[in-house]
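Reading through the structure tokens given below for one structure.
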Amino acid sequence: MIRSRIISLSKGETVVHKLMMRIFIPLAFLLAIFTASAQAAPGVALVLGGGAARGFSHIGLIQAFEDQGIPIDLLVGTSMGSIVASLYASGYSVDNIRTVLAELSGDNLVDLQIPPKGGLLDTGKIEAFLDALLDGDTFSDLVLPFYAVITNVTTGEEWAIHEGPVSTGVLASMSIPGLFPAVAIEGEYYVDGGMKNAVPVNVAKELGADVVVGVDVKKELAEINYDSVLNILQLTMWFMIDGYVQQNTEEADVVIVPDVKFDSYMDYQKSDYFIEQGYQSGLKHGEEIKVAILAHDPQFQFVPFRQEGLSPLELEQRLTRAEEAARELRPPLGIKPNLQFDEENALPAMGLTLAGGPLGSWQIGYRYHFGLADQRHEGYIAWSKPESMALEVLARTSRHDQGLTYGLRIASPPIGRSYLGAEYYTQGSLAWKLWARSPDLLRFSNLTIGSALEVGKRRLPDETLYTSIGPRIRWFPRAEYTPLWEVVLARGYLYAGLDVESSLPAWDPGLRYTAGVGSEVRVFGLYPLDVQIGLEFGQEQPVKWRFGIIGGRF
């Protein structure tokens, strides 16, 4: 078409055309020289691999780049690498990202799905949180170009997504199959990019980067038990993923492997440690990266820099909006298991709760009390908000034709490290009580000291006002959590407690002791629980077993 158009020009048009070409060609040549000189600096791509909590290493690595004046012109990420890369690409500073991670509370961002729908956990709140954190940015809004690598769950094909909402691409890139549901994008479903390409160096090369630095936070087993089914399955899966990693990192100019190979994927409590290991690995490979850059531009000057990021006030406002967005998003209507522990009873009540969807902040449920002698079946309606209070109205049946027992229970959100609450019952041994609990009022490296205060009224054996106060001590043999099957983190401890109880208004104190073993548990590294089993005994009181979960509002 272009050639036929030139031939059809008239004589007059040909003269004008030649004149324009004589002017245009020199100008175009000068422009090309200027453009080439402006683009002489090599494009440096930083490729951040997946690794859950171990991916916090990427934050320290980016800081090492800034301190050494190594530029970052392109970011490619998968899984946790996508989260860190998206925040940095949107303009967050390294310190901003540290603050964001320190403020994260996984138990407020994920909901258990029963029955599971594509995954054990619902991720709607995570997406809402990320979208607000990224200020609703699309990929075209970012300060730095960023590509999130995701895997098509149907075809197994990888896709370096660079369009649409950043939060959607990041959510898909971190959606571990089985744990999180697949994410729908343009009619297809996608999961964690690490399933197919844990360190997508090839993507950066295909995008034209001159120097590519890949970061692999791969896991290794410190000890292998060949009789363990789990160990064999872990090794098999890692070999499959490592095969893709080796294939895709062959074109990398530098591959960095932070020294976190024996640390758990789920140990989010060690963020400072992971960040420091990433920083040290960045310093260790700094000269190697500089050599690769100088090979493309011998005159390149490495000038330390800092991405400015958000001011403390802006960051606080952004985090507040993100937390509110997550709170306002209710999970789908579903049934969840429920355990309710009571100081008066050794065994918990067990039941089911209907929550989410149109119920909003309300829950409806049923419990069966194993520890109550004459009141077993209980129905309840509850209302709660994490930032406000929790309130529950209940009704219990009686085995002795005494009609229904009604109750009201109220509890506060955490006030510092303490909880406040009140309970009232129309029948039964307990009439009412006010309580305050501080499970870890003072926390040291291997020791926590808490306290419990209670004032109430008992109906049995007679009408009695009472008060109870006492310390709670927990001693941890190990300062660090131990991963169990890469599903939970556990930190065991020994505990002891003393309650000084007396009737009122007279002061006639009696002592009650508790002792046993327990463990701080974090399911998937996110859900915090504190489980205890032990004995209770005291003056003129028979020894009895105690089992419970502490730290909650009820």
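Compare the Cα positions of G118, L104, P71 along the charge dipole of region 70-137 (+1 at Cβ of Lys, Arg; -1 at Cβ of Asp, Glu; about the Cα centre) and return the one farthest towards the positive end.
So the residue furthest toward the plus end is G118.
Using a probe of 1.4 angstrom, how much of the accessible area of region 107-216 is carbon and sulfur, in percent? The partial results should precede the final answer.
Values: 2160 of 4120 Å².
For region 107-216, the apolar C and S fraction of the accessible surface comes to 52 percent.
Once fully extended, how much extra length lies between E288 and E328, figured as 0.36 nm per residue of separation less the alpha-carbon to alpha-carbon distance? Please list the in-between numbers first.
Values: separation 40, 0.36 × 40 = 14.40 nm, distance 4.78 nm.
My answer for the length gained is 9.6 nm.
Give the relative contact order (percent, whole number) for region 475-554; include only Cα pairs under 8 Å separated by 6+ residues.
22
Where does each of S311, S412 land when they are ordered by accessible area, with a 1.4 Å probe and the largest first?
Working: S311 45, S412 20 Å².
So, going from the largest accessible area down, we get S311, S412.
Could you pull the Cα extents of region 56-115 along its three principal axes, largest to smallest, in whole Å?
So the extents along the principal axes, rounded to whole Å, are 50, 21, 19.
Normalised by the number of residues in region 357-475, what is the relative contact order in percent for Cα pairs under 8 Å and 6+ residues apart? Write down the numbers at each step before the final one.
Working: 267 pairs, mean separation 16.2, N = 119.
Value for region 357-475: 14 percent.
Under 8 Å for C-alpha pairs, at least 6 residues apart: give me the relative contact order for region 451-507, rounded to a whole percent.
It rounds to 36 percent for region 451-507.
Given a 1.4 Å probe and heavy atoms of the protein chains only, how would you sort L283, L489, largest accessible area at the top? Before the final figure, lay out each step's value.
Values: L283 70, L489 0 Å².
Ranked list, largest accessible area first: L283, L489.
Could you pull the accessible area for W159 with a 1.4 Å probe, rounded to 10 Å²?
60
On a full-extension model of 0.36 nm per residue, what is the gain between K457 and D297, subtracting their alpha-carbon distance, rounded to one decimal in nm? Mind showing how you got there, number by number?
Numbers: separation 160, 0.36 × 160 = 57.60 nm, distance 8.08 nm.
Extending this stretch completely gives an extra 49.5 nm.
Rounded to whole Hz and in sequence order, give me ³J(HN,Hα) for region 152-164 from the Karplus expression 6.51 cos²θ - 1.76 cosθ + 1.60, θ = phi - 60°, writing x for Gly and Pro.
5, 5, 8, 9, x, 6, 8, 9, 8, 6, 8, 8, x
Let me cross-check E323: its accessible surface, 1.4 Å probe, with only protein heavy atoms counted, in Å² to the nearest 10?
Its heavy atoms expose roughly 60 Å² to the probe.
How much of Y493 can a 1.4 Å solvent probe reach, expressed as accessible area in Å² and rounded to 10?
Number for this one is 10 Å².
Quick one: Karplus J couplings for region 99-104, per residue in order, coefficients 6.51, -1.76, 1.60, θ = phi - 60°, nearest Hz, x for Gly and Pro?
3J(HN,Hα) across region 99-104, in whole Hz: 5, 4, 5, 5, 8, 5.
Where does each of S502, S398 land when they are ordered by accessible area, with a 1.4 Å probe and the largest first?
Values: S502 0, S398 30 Å².
Highest to lowest solvent-accessible surface, that is S398, S502.
Working out 0.36 nm times the residue gap between T155 and R417, then minus their Cα-Cα distance, what length gain in nm do you get to one decimal? Before the final figure, lay out the partial values.
On the way: separation 262, 0.36 × 262 = 94.32 nm, distance 4.87 nm.
Difference between extended and current length: 89.4 nm.
Dipole size in debye (nearest 20) for region 77-154 around its Cα centre, Lys and Arg Cβ +1, Asp and Glu Cβ -1? Working shown, then result.
Working: 3 positive and 10 negative charges, 49 e Å.
Around 240 debye, computed over region 77-154.
The values are calculated or read from the model by the stated rules, or taken from the named source; none is laboratory data. Keep in mind the model is a prediction, meaning the values are calculated, not measured. Cβ atoms come from the backbone with ideal geometry, glycine included; neighbour counts cover every protein chain shown. In case anyone asks, the SASA skips ligands and DNA or RNA and just uses the protein heavy atoms, side chains included. Shrake-Rupley method; radii C 1.70, N 1.55, O 1.52, S 1.80 Å.
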